[in-house]
Amino acid sequence: MQIYLPIAEMSVNLFFLVGIGAAVGFLSGLFGVGGGFLLTPLLIFSGVPTSVAVASVTGQVVAASTSGALSHYRRGGIDMHLAMYLVLSGIIGAFGGVATFDLLRDAGQLDLVIAVGFLVLLGFIGVLMLIESTRALLKRRSGIVVRERLPNQHNWIHGLPMRVRFKKSKLYISVLPVLIIGLFIGFVGSLLGIGGGFIMVPALVYLLRVPGNVVIGTSLLQVVAMMAATTILHAVQSQSVDIMLAFSLMVGGVAGAQFGASAGKQLRGDQLRGLLALLVLAVAIRFGLTLVLAPADAFSMVVSGTGAGS
Amino acid sequence: MTWRRWLGALALLGGLATPALGDRLLSTMSNDEIEITSSFDGEKMTFFGSIAPDAGAEQKFVNGPFQVIVVVLGPTADRTARQMTHNFGIWLNTDQVTFRKFPSYFHVLASDRLADITDITTLTTQFILPESHTLVPNNAGWWKTAVFGRQLVRLMTEQGLFGVNESGVNFLSDNTYSARLTLPSNAPPGPYIALTYVFKDGQIIARKSEGFAVRKIGFERFLALASVQQPLLYGVVCVILALFTGWLGGVLFKR
């Protein structure tokens with residue numbers, strides 16, 4: 001069944017959209033990530049214009065993260081104070097990201113920057129996660145009890161000025177690293193069409209030492225709020241949010257996420273992180289190949305000015 | 001619609017013809033509006049016409065053989081062709097040429113091989129050849145314009161937006177023809193023009209232009225307009241929809 005996407009101005013199979021939404025939703029539920037980093041590339045590789053793919057996936061990420069954020073909120077797993085700082089700086093970062101997005105699109109370098117961005121970001125995070133999870137798996141196998149890092153173990157980041165007390169996270173740290181993390185994720189997330197949960201969670205855990213019981217909830221809330229702001233920014237500035245595309249993906253994604261979440265309970269945390277690392281690396285390698293390998297067609301075209309009405 | 005009705009319509013919709021050589025073209029088409037709905041997957045349309053003596057002419061019949069070319073021209077937009085080159089180990093866009101007011105859709109239907117119908121000069125000056133649209137002056141210089149123009153036409157052809165069908169016009173009798181065109185699902189919305197040329201011995205003896213529109217209608221039109229006219233509201237609605245879908249998913253599946 002074909003469905004016409006009014007903003008992308010193309011006709012796509014509805015089952016294909018709901019299907020990839022569900023498949024990515026399953027993985028996002030399984031690993032507890034938004035899934036934007038998989039969905040945006042999938043759409044780009046299946047012919048949706050890059051700008052429409054990025055802008056519409058932001059809407060889908062909001063939906064994918066909402067139910068998770070709500071359930072964490074009910075369990076009290078969100079540090080609202082910390083989330084507020086992250087969201088505010090994230091929205092400022094998103095303004096920069098969307099503006100950069102427009103500049104790059106006009107200059108013809110959007111696809112390049114997105115490919116390089118995914119390669120560097122996913123490659124880096126993927127390798128880190130793979131090392132960490134392999135180490136945990138090996139230690140478990142050799143019978144050593146892995147000692148969880150304690151939240152009150154300090155590093156140099158905690159010595160910075162402008163300290164604020166975050167009661168729920170039991171932290172008394174400088175706001176500077178919090179704001180920088182928020183800004184960075186806002187910028188990168190709006191530029192690449194990803195929620196950034198897979199950057200946010202390690203950053204909160206390893207840099208800020210946020211305790212495990214509030215990490216996921218706080219990160220999810222931040223993703224919802226920041227991606228909601230980004231969707232509106234994209235709608236206003238680049239006008240490339242395709243609501244039909246986003247909604248088709250949401251429906252599949254929300255359903256898939258529920259099954260993914262229950263499947264995730266069958267696996268241990270370190271196994272999950274190892275699998276996620278492999279997935280992230282696979283996407284990074286795929287983007288790396290598009291940069292290095294000779295393209296099937298050296299020429300491409302875009303509509304660079306209006307003239308077509310609706 | 002039946003043939004009889006079409007022939008009746010032909011007589012009514014004769015319209016203006018060039019007075020040259022005493023022959024005129026009566027033509028019509030199957031739709032003057034193509035509506036893009038949520039299930040839009042392309043649309044077929046048919047052009048009909050008949051060559052008849054001019055009103056008041058002494059000769060009561062026309063002498064063939066005629067050749068007919070129907071050119072369907074879509075809305076124009078500025079289009080940029082870009083070239084990737086290999087630099088420092090990676091492939092990136094390094095060169096580009098922008099073609100102003102370039103057709104977003106261009107299909108040529110002809111009753112014979114274009115080269116057999118008329119000469120290349122006529123084909124180019126009348127903008128019948130797809131490449132002729134790239135030959136307009138451009139500040140990129142003629143060589144780059146020619147190279148990128150060829151590539152642009154090739155890309156448009158690969159997407160089904162440009163095309164030449166040299167057996168697209170069929171003569172039903174010596175002076176009556178029909179031409180079929182399938183508009184693809186990615187046909188850009190906007191005003192279209194169908195230009196019909198009648199050739200005899202390589203000369204244009206009659207021509208006619210008719211307009212039709214490809215429009216988004218109903219919900220698709222509403223969405224496309226809203227995204228441009230009320231972008232803030234459109235964005236807010238997207239977010240509310242996303243929050244609601246996410247919330248509903250959580251409730252339905254009781255995570």
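The values are calculated or read from the model by the stated rules, or taken from the named source; none is laboratory data. Computed from a predicted model, the values in this text were never measured in an experiment. Cβ coordinates were reconstructed from backbone atoms using ideal geometry, including for glycine residues, and neighbour counts include every protein chain displayed.
Side notes on the structure shown:
- Residue satisfying all of: in the stretch B:194-212; surrounded by fewer than 17 Cβ atoms within 10 Å (Cβ to Cβ) and touching an Asp or Glu at 6+ places or on another chain (Cβ under 9 Å); farthest from B:P53 (Cα to Cα) among these: B:G211
- For the stretch A:228-242, residues that are over 14 Å from A:A53 (Cα atoms) and more than 7 Å from every other protein chain (Cβ to nearest Cβ) total 3.
- Pick from the stretch B:174-187, criterion over 20 Å from A:L5 (Cα atoms) and part of a loop (DSSP other than H, G, I, E, B), ranking: farthest from the other protein chains (Cβ to nearest Cβ): B:D174
- Filter pass, A:A107 being more than 25 Å from A:G25 (Cα to Cα) and within 14 Å of chain B (Cβ to nearest Cβ): yes
- Within the stretch A:6-27, considering residues that are within 12 Å of chain B (Cβ to nearest Cβ) and crowded, with 23+ Cβ neighbours inside 10 Å, the one modelled with the lowest pLDDT: A:E9
- Candidates A:L278, A:L272, A:L233, A:L291, filtered to the one that is part of a helix (DSSP H, G or I) and surrounded by 21 or more Cβ atoms within 10 Å (Cβ to Cβ): A:L233
- A:G195 satisfies every condition listed in (1) surrounded by fewer than 21 Cβ atoms within 10 Å (Cβ to Cβ); (2) within 13 Å of chain B (Cβ to nearest Cβ); (3) not in a helix (DSSP H, G or I) except (1).
- Taken across the stretch B:148-167, residues that are touching a strand residue (DSSP E or B) at 6+ places or on another chain (Cβ under 7 Å), hydroxyl-bearing (S, T, Y), in a helix (DSSP H, G or I) and surrounded by fewer than 20 Cβ atoms within 10 Å (Cβ to Cβ) do occur, with at least one present.
- All positions within the stretch A:258-284 that are within 19 Å of A:L70 (Cα to Cα) and touching a Ser or Thr at 6+ places or on another chain (Cβ under 7 Å): A:G260
- Hits in the stretch B:209-225 - residues which are assigned to a helix (DSSP H, G or I) and facing chain A (nearest Cβ under 7 Å): B:E220, B:R221, B:L223, B:A224, B:L225
- In the stretch B:115-128, residue nearest to the other protein chains (Cβ to nearest Cβ) [restricted to those that are without any contact (Cβ under 8 Å) to a residue 24 or more places away in the chain and in contact with a helix residue (DSSP H, G or I) (Cβ under 7 Å, 6 or more places away or on another chain)]: B:T124
- In the stretch B:213-225, the residues that are surrounded by fewer than 19 Cβ atoms within 10 Å (Cβ to Cβ) and either over 26 Å from the mean Cα position of the chain (by Cα) or more than 13 Å from A:V241 (Cα to Cα) (or both): B:A213, B:R215, B:I217, B:G218, B:F219, B:R221, B:F222
- Take the conditions (1) under 15 Å from B:A81 (Cα atoms); (2) surrounded by 17 or more Cβ atoms within 10 Å (Cβ to Cβ); (3) not small (G, A, S); B:N139 misses just one of them, which is (2).
- Answer residue from the stretch B:58-70, given it is under 26 Å from the mean Cα position of the chain (by Cα) and either surrounded by fewer than 23 Cβ atoms within 10 Å (Cβ to Cβ) or not aliphatic (A, V, I, L, M) (or both) and is farthest from the other protein chains (Cβ to nearest Cβ) among those: B:F66
- Of the residues A:R273, A:R268, the single one that is within 17 Å of the chain's Cα centre (by Cα) and among the charged types (D, E, K, R) is A:R273.
- For the stretch B:226-247, the tally of residues that are farther than 21 Å from B:P189 by Cα and either buried (at least 16 other Cβ atoms within 10 Å of the Cβ) or within 7 Å of chain A (Cβ to nearest Cβ) (or both) stands at 12.
- Some residue of the stretch A:50-64 being within 11 Å of chain B (Cβ to nearest Cβ) and not in a helix (DSSP H, G or I): no
Yes/no per residue for (1) at pLDDT below 80; (2) surrounded by 15 or more Cβ atoms within 10 Å (Cβ to Cβ); (3) not polar (S, T, N, Q):
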residue	(1), (2), (3)
A:A107	no, no, yes
A:L112	no, yes, yes
A:V127	no, no, yes
A:L130	no, yes, yes
A:S133	no, yes, no
A:R147	yes, no, yes
A:K170	yes, no, yes
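Condition check ((1) hydrophobic (A, V, I, L, M, F, W, C); (2) surrounded by fewer than 22 Cβ atoms within 10 Å (Cβ to Cβ); (3) within 7 Å of chain A (Cβ to nearest Cβ)) across all residues:
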site	(1), (2), (3)
B:L73	yes, yes, no
B:D78	no, yes, yes
B:G89	no, yes, yes
B:N93	no, yes, yes
B:R100	no, yes, no
B:P103	no, no, no
B:A110	yes, no, no
B:R113	no, yes, no
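- Candidate set from the stretch A:42-51 (those that are surrounded by fewer than 24 Cβ atoms within 10 Å (Cβ to Cβ) and not polar (S, T, N, Q)); member that is farthest from A:G189 (Cα to Cα): A:G47
- Scan of the stretch B:188-206 for residues that are more than 14 Å from chain A (Cβ to nearest Cβ), small (G, A, S) and either closer than 30 Å to A:Y4 by Cα or without any contact (Cβ under 8 Å) to a residue 24 or more places away in the chain (or both), ordered by number: B:A194
- Residue match in the stretch A:37-49 (condition: part of a helix (DSSP H, G or I), touching a strand residue (DSSP E or B) at 6+ places or on another chain (Cβ under 9 Å) and over 19 Å from A:I216 (Cα atoms)): no
- Residue list for the stretch A:196-236, restricted to those being at pLDDT 85 or above and of a type in the set (V, I, T): A:T218, A:V223, A:V224, A:T230, A:T231, A:I232, A:V236
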